[in-house]
1. Can you tell me how many residues in region 37-59 are part of a helix (DSSP H, G or I), at pLDDT 90 or above and of a type in the set (A, V, I, L, M)?
2. When the residues of region 19-28 are narrowed to those that are of a type in the set (A, V, I, L, M, F, W, C) and at pLDDT 90 or above, which ends up farthest from His6 (Cα to Cα)?
3. Could you grab me the full set of residues in region 1-36 that are farther than 14 Å from Gly50 by Cα, under 11 Å from the mean Cα position of the chain (by Cα) and loosely packed, with under 12 Cβ neighbours inside 10 Å?
Amino acid sequence: MIPIQHTCGHAELCIEDSIETGVAAWNAVQASNDVAGLLNKYGDKISLEGCFDSALCFT
């Protein structure tokens, strides 16, 4: 089993805890997070899924 965490919104402060608990991927990463910074810092420890701005869907 590959654990995937689904968390919407600004949740980048939780990424280290997620990695420590064995999460392999974070689903629904949104543009309110520093996606580039997270990839640079944690890209070898966790996969980021989504990485889009969901607010654009409603404009």
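The values are calculated or read from the model by the stated rules, or taken from the named source; none is laboratory data. Small disclaimer: the values here were computed from a predicted structure and weren't measured. Here Cβ is always computed from backbone atoms with ideal geometry, including for glycine, and neighbour counts include all displayed protein chains.
1. As a first pass, look at region 37-59 and keep what is part of a helix (DSSP H, G or I): 37-42, 54-58.
From what is left, the residues that are at pLDDT 90 or above are 37-42.
Among the residues that remain, those that are also of a type in the set (A, V, I, L, M) are: 38-39.
Selection size over region 37-59: 2.
2. First, the residues of region 19-28 that are of a type in the set (A, V, I, L, M, F, W, C): 19, 23-26, 28.
If we keep only those that are at pLDDT 90 or above too, we end up with 19, 23-26.
Values: Ile19: 13, Val23: 10, Ala24: 11, Ala25: 9, Trp26: 6 Å.
It comes out as Ile19.
3. Leu13
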